[in-house]
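Asks: Before we start, here is the structure in question, set down as structure tokens.
The values are calculated or read from the model by the stated rules, or taken from the named source; none is laboratory data. Computed from a prediction, not measured in an experiment: that's the story for all the values here. With ideal geometry, Cβ positions are generated from the backbone for all residues, glycine too; neighbour counts draw on all protein chains shown.
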Amino acid sequence: MSIAIPTSLIPVRKIQEARLILKDIIVHTPLMHNANLSRKYGANVFLKREDLQVVRSFKIRGAYYKMSLLTEDQRSKGVVCASAGNHAQGVAMACAKLDIRGIIFMPTTTPKQKIDRVNHFGEGKVDIRFIGDTFDDSKATAKTFAEAQGMMIIHPFDDSDVIAGQGTTAIEVLEDAKVPIDYLIVSVGGGGLIAGMSSYFKVLSPHTKIIAVEASGAPSLKAAMDAGKVVVLDQINGFADGIATKSVGEIPLSICQETVDRHIKVSEGKMCATILTLYNEEAIVVEPACASTIAALDELVEDIRGKNVVCVLSGGNNDITRMEEIKERAMMYEGKKHYFIVRFPQRAGALREFLDLLGPDDDIARFEYTKKTNRDSGPALVGIELKNPSDFQSLTERMTASGIDFQHLNKSPLLFEMLV
């Protein structure tokens, strides 16, 4: 029985053509069986290591393929792109390889590591300009600039050529897999990677379940699929910068509506905990967006037992200076670190009494009087690290029973952001 192929999909032939053009440019990244994850979930878990790609992410695939198709006139005018980092690196490398001038707009919040890598791969062919706090801010400026200058804009995901390039990742997965793939788990920002890979899988491995994973602070695909059209989110959490977009692309959405079997949202804190686990147990360095696919496995425990699962590790561009923040977010997610405002009574011994309430293995990680003009009284910001997350309730119960006036900040986003 033949299977009806949706017309919205990127044709297999186009993805295969992209593969031929890219064969001497990209790395055929490994599909690696992971023993620890397989044992933990009772499944055969494979990692598609795009973090080992030449620019440490899959983005070079789509950027280079798109730019290789430009006419001589388009090349002579140069190209423009907007990116939070990974797409910029792909465009920069393509500019250097194809001798094309590039203007790259990046958010002011882009990690320094990604900025340095863009300059490295651009080899003097790109000019970086910083605008706005998010990718979407940079995207709007890039579009206006490109139109005014008559330059071609290289979109990171809402372009069929770019999507075809990203789809070459799927060719490698199916070539390298020695078993049928039951689940393919892909992180989603604008949707280019999952659109390209699922287009290929839908035709050549139609039984595979396609799982889309987004950051809980930027669920643009989920919003679009629920509404049946592209939705622009009012606000997003930009921490997982590789997948933090206010809206998915029109083309990726049309493909995902036909191919995605399930959608999972992963918190930024859980991504951070996964980053640390991968680093400590596997010596794998990933960025938050990349960690999301492995973090999503917890939501699929019952489904994937005994199955063959591929998690796409989309990128490894993580700035070492972010590790303290990642550790902090991970500890808070796991319930091991808590912040309080504590209003100590104005008498001697009050602080000593508070310290006596802590468990023997607990630690004061931060102590700061918020009322700087009077260190003998007033509220203090207190950060406490717990060895066991389950001890939190008993700690707060002891604090309440002892008459301590306190407020827990972890669940108060506004106060937490102001004070911590």
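Asks: If we scan region 129-140, do we find a residue that is over 19 Å from the mean Cα position of the chain (by Cα) and crowded, with 20+ Cβ neighbours inside 10 Å?
Replies: No, there is no match, as no residue in region 129-140 is over 19 Å from the mean Cα position of the chain (by Cα) and crowded, with 20+ Cβ neighbours inside 10 Å.
One line per residue, one yes/no per condition, for (1) modelled with pLDDT of 95 or more; (2) over 24 Å from the mean Cα position of the chain (by Cα):
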{"site": "P30", "(1), (2)": "yes, no"}
{"site": "R49", "(1), (2)": "yes, no"}
{"site": "G62", "(1), (2)": "yes, no"}
{"site": "S68", "(1), (2)": "yes, yes"}
{"site": "A82", "(1), (2)": "no, no"}
{"site": "G85", "(1), (2)": "no, no"}
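Asks: Checking T108 against (1) at pLDDT 95 or above; (2) surrounded by fewer than 18 Cβ atoms within 10 Å (Cβ to Cβ), which single condition isn't satisfied?
Replies: T108 satisfies all of (1) at pLDDT 95 or above; (2) surrounded by fewer than 18 Cβ atoms within 10 Å (Cβ to Cβ) except (1).
Asks: Might you check whether a residue that is in a strand (DSSP E or B) and either over 17 Å from the mean Cα position of the chain (by Cα) or at pLDDT below 90 (or both) occurs anywhere in region 343-359?
Replies: Yes, because at least one residue in region 343-359 is in a strand (DSSP E or B) and either over 17 Å from the mean Cα position of the chain (by Cα) or at pLDDT below 90 (or both).
Asks: Take the residues in region 141-158 that are out of contact with any strand residue (DSSP E or B) (no Cβ under 9 Å at 6 or more places or on another chain) and surrounded by fewer than 19 Cβ atoms within 10 Å (Cβ to Cβ); name whichever of them is farthest from P107 (Cα to Cα).
Replies: By that ranking, first place goes to G150.
Asks: Tell me which strands (runs of 3 or more DSSP E) are completely within region 1-115 and hold 3 or more residues being under 24 Å from A296 (Cβ atoms), touching a residue at least 12 places away in the same chain (Cβ under 8 Å) and touching a Ser or Thr at 6+ places or on another chain (Cβ under 8 Å), or say none if there are none.
Replies: Correct list: 44-49.
Asks: Continuing with this model, one more query. For V188, all conditions in the list (1) out of contact with any Asp or Glu (no Cβ under 6 Å at 6 or more places or on another chain); (2) under 23 Å from S160 (Cα atoms); (3) not small (G, A, S) hold save one; what is the number of the exception?
Replies: (1)
Asks: While we're here: List the number of the failed condition for L174; all other conditions in (1) closer than 30 Å to D261 by Cβ; (2) of a type in the set (A, V, I, L, M, F, W, C); (3) touching a residue at least 40 places away in the same chain (Cβ under 8 Å); (4) touching a helix residue (DSSP H, G or I) at 6+ places or on another chain (Cβ under 9 Å) hold.
Replies: Single failed check for L174: (3).
Asks: Further, regarding this structure: Does any residue in region 340-362 that is under 10 Å from I404 (Cα atoms) come within less than 6 Å, Cβ to Cβ, of a residue that is aromatic (F, W, Y) six or more places away or on a different chain, and which pairs are these?
Replies: If the second residue must be aromatic (F, W, Y), the pairs left are V342/F406; A350/F344.
Asks: So, of the residues in region 295-323 that are among the acidic types (D, E) and either in contact (Cβ under 8 Å) with a residue 40 or more places away in the chain or assigned by TED's automatic domain parsing to the domain that holds N388 (or both), which turns out to be surrounded by the most Cβ atoms within 10 Å (Cβ to Cβ)?
Replies: Going through the qualifying residues, I end up with D319.
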